[in-house]
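So the structure is just underneath, and the comments pick up after that.
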Amino acid sequence: MSKTTRVGVTATATAAATAAASATGAATATAAASATTARTRATKPWRNWARTEQVTPARVEHPASGDEVVDAIARARTDGLPVKAIGSGHSFTGIAVAPGVQLDLTDLAGITAIDSATGEVTLAAGTKLHAASAMLHEHGLAFENLGDIDVQSISGALSTGTHGTGRAFGGLATQLRKVTLATADGRLLTVSDTENAELWPAARLGLGALGVLVDLTVQAVPSFVLAADEHPEPLDDVLDNWAVRSTQADHVEFYWFPHTQLALTRNNTRLPADAPRQPVGPVKRWFDDELLGNGLYEVLCRIGSIAPGTIPAFNRLASGVAFNRELADYSHRVFATERKVRFREMEYSVPLEAVASVMRELDRVIEQNGWRISFPIEVRATAADDVWLSTAHGRESSYIAVHRYHREDARDYFAAAEAILRAHDGRPHWGKLHTRTADDLRPAYARFDDFLAVRDRLDPDRVFTNDYLDRVLGA
């Protein structure tokens, strides 16, 4: 018999619930009005992390419960304003831009339930991935797989199709078991493969277009250790054997700095939680991550933006010193790395077998145009899945991400990269820069129109839309 433990979301939410339970009659109305005022704060310009999008919302609300999310949506509809929830602002696209009512889910955070027998864990939608990992670890659990950045909210990461790497593992959406949506018509709707199941393939990766996620139940796994081996290899060897190379550890990825001939490989092997750990010491972690990975790299990127001719030499230096280490630690401490150097990013999924061709075409177009690119290209791989708008829907996929330092003009480089990626049946990451529209995305997704039908059902009046969603889904 499974045992489900209910856990309070936040101190704020608990206090609000207690106040609501004790209030009656006119006092209830007064308390509700006061709570609404407290959770509606003065607006100011909002910018995403990459500084590619900004907006000044009509108002900002900070709900701390599902009921408060429903109330905020109702008020927005009364005022004729669209609604968008935001997490950490780590999407490069305008998917979270909220010109109407911006719902900041910071106060809607924490674990709300844990089933000790099944490993199913329910998390409030505003919980940051790094915080969720730490809380799961306290219960002897972990996410099955994670991306290489964990500052996002779990709802934002899931809504944009965030993924990690590993040929046997899907993106975050494949770890979902149930969601609660606050819908446009004022309901808290539970969706899973057994409840409102016809909505499940859409709700698992909904782009924020179906409603506001209030909580999410994920299938956690027992805590485990990752043994990481990071080292350079000849680029041609990795490209020529990518299909095999990407299976030689549980989680494989590589970075390639343009103007070099080395692939900087990361190979993570899963071990039991009681396996010996060899974490990076605080001094070496500071040296590798803070001094080299962020501090010195920021300096080199700034120099390169002023004097592009220095970039090839800097890239060769980075390839030689940045990736030579072995470590073993709990999974959440290995999957993710801290990124302080600001950049722009475009990422596409392509069929597994297209990686070598795409990478060589990118190399060629960079050199032909005389571009000096300081940021590496990242390559990962995942299993196929059945999530309608997943970039891995129906096919085993590799992900190719191009980046450019934020002080440099990325437009020509990204346009050329996108043309190459599209020519290889690429699908853009929903949270990364791209120029695709609904008309040319439809052929890339077999269930695209099915998703739109669910959107029409749940949000016929387009309460949850914005310019980005109008572009990629249609108005």
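The values are calculated or read from the model by the stated rules, or taken from the named source; none is laboratory data. Just so you know, these numbers come straight off a predicted model, no measurement behind them. Here the Cβ is made from the backbone with ideal geometry for all residues, glycine too, and neighbour counts use every protein chain on show.
When Phe448, Phe375 are checked against the criterion of being outside the structural domain of Ala307 (by TED's automatic domain parsing), more than 26 Å from Val55 (Cβ to Cβ) and touching a residue at least 60 places away in the same chain (Cβ under 8 Å), Phe448 stands alone in meeting it.
Go through region 182-291 and tell me which helices (runs of 4 or more DSSP H), entirely inside it, have 1 or more residues that are under 30 Å from Ala354 (Cα atoms) and not assigned by TED's automatic domain parsing to the domain that holds Arg325.
Numbers: elements: 200-203, 235-240, 242-245, 282-285.
Counting at least 1 such residues, we get 200-203.
Filter region 150-165 for residues that are part of a loop (DSSP other than H, G, I, E, B) and small (Gly, Ala, Ser); which is farthest from Gly89 (Cα to Cα)? Ranking the qualifying residues of region 150-165, first place goes to Gly164. In the list Glu120, Glu68, which residue meets the criterion of being touching a Lys or Arg at 6+ places or on another chain (Cβ under 8 Å) and closer than 20 Å to Arg187 by Cβ? Matching residue, one of Glu120, Glu68: Glu68. All conditions in (1) closer than 30 Å to Ala307 by Cβ; (2) without any contact (Cβ under 8 Å) to a residue 60 or more places away in the chain hold for His393, with the sole exception of (1).
Within region 462-473, is even one residue without any contact (Cβ under 8 Å) to a residue 60 or more places away in the chain, assigned by TED's automatic domain parsing to the domain that holds Arg404 and either more than 30 Å from Gly80 (Cβ to Cβ) or part of a helix (DSSP H, G or I) (or both)?
As a first pass, look at region 462-473 and keep what is without any contact (Cβ under 8 Å) to a residue 60 or more places away in the chain: 470-471.
When the remaining residues are screened for being assigned by TED's automatic domain parsing to the domain that holds Arg404, the result is none.
No, that holds for no residue.
Which one is surrounded by the most Cβ atoms within 10 Å (Cβ to Cβ), of the residues in region 80-124 that are assigned to a loop (DSSP other than H, G, I, E, B) and of a type in the set (S, T, N, Q)? Looking at the filtered set, the residue picked out is Ser91. Based on this model, can you work out whether Val70 counts as outside any loop (DSSP other than H, G, I, E, B), surrounded by 15 or more Cβ atoms within 10 Å (Cβ to Cβ), β-branched (Val, Ile, Thr) and modelled with pLDDT of 60 or more? Judged against the criteria, Val70 is a match.
Per-residue answers, yes or no, for (1) at pLDDT 95 or above; (2) of a type outside the set (A, V, I, L, M, F, W, C); (3) closer than 28 Å to Ile111 by Cβ:
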| position | (1), (2), (3) |
| --- | --- |
| Val214 | yes, no, yes |
| Val225 | yes, no, yes |
| Thr247 | yes, yes, no |
| Val252 | yes, no, no |
| Lys284 | no, yes, no |
| Phe287 | no, no, no |
| Cys301 | no, no, no |
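Inclusion of Asp425 among residues that are surrounded by fewer than 20 Cβ atoms within 10 Å (Cβ to Cβ) and out of contact with any Pro (no Cβ under 9 Å at 6 or more places or on another chain) is not warranted.
Across region 354-394, what is the number of residues that are polar (S, T, N, Q), within 30 Å of Leu176 (Cα to Cα) and in contact with a helix residue (DSSP H, G or I) (Cβ under 7 Å, 6 or more places away or on another chain)? Matching residues across region 354-394 total 1.
When you look at Ala182, is it closer than 21 Å to Asn466 by Cβ, surrounded by 24 or more Cβ atoms within 10 Å (Cβ to Cβ), aliphatic (A, V, I, L, M) and in contact with a Ser or Thr (Cβ under 6 Å, 6 or more places away or on another chain), yes or no?
Values: closer than 21 Å to Asn466 by Cβ: yes; surrounded by 24 or more Cβ atoms within 10 Å (Cβ to Cβ): yes; aliphatic (A, V, I, L, M): yes; in contact with a Ser or Thr (Cβ under 6 Å, 6 or more places away or on another chain): no.
Spelling it out, it is not the case that Ala182 is closer than 21 Å to Asn466 by Cβ, surrounded by 24 or more Cβ atoms within 10 Å (Cβ to Cβ), aliphatic (A, V, I, L, M) and in contact with a Ser or Thr (Cβ under 6 Å, 6 or more places away or on another chain).
Based on this model, can you work out whether Val358 counts as at pLDDT 95 or above, closer than 15 Å to Phe414 by Cβ and surrounded by fewer than 19 Cβ atoms within 10 Å (Cβ to Cβ)? Spell out the reasoning first.
Details: at pLDDT 95 or above: yes; closer than 15 Å to Phe414 by Cβ: yes; surrounded by fewer than 19 Cβ atoms within 10 Å (Cβ to Cβ): no.
No; evaluated as a whole, the condition is false for this residue.
The residues of region 130-146 that are among the aliphatic types (A, V, I, L, M) and free of Cβ contacts under 8 Å to residues at least 24 places away in the same chain, listed by number, are Ala131, Ala132.
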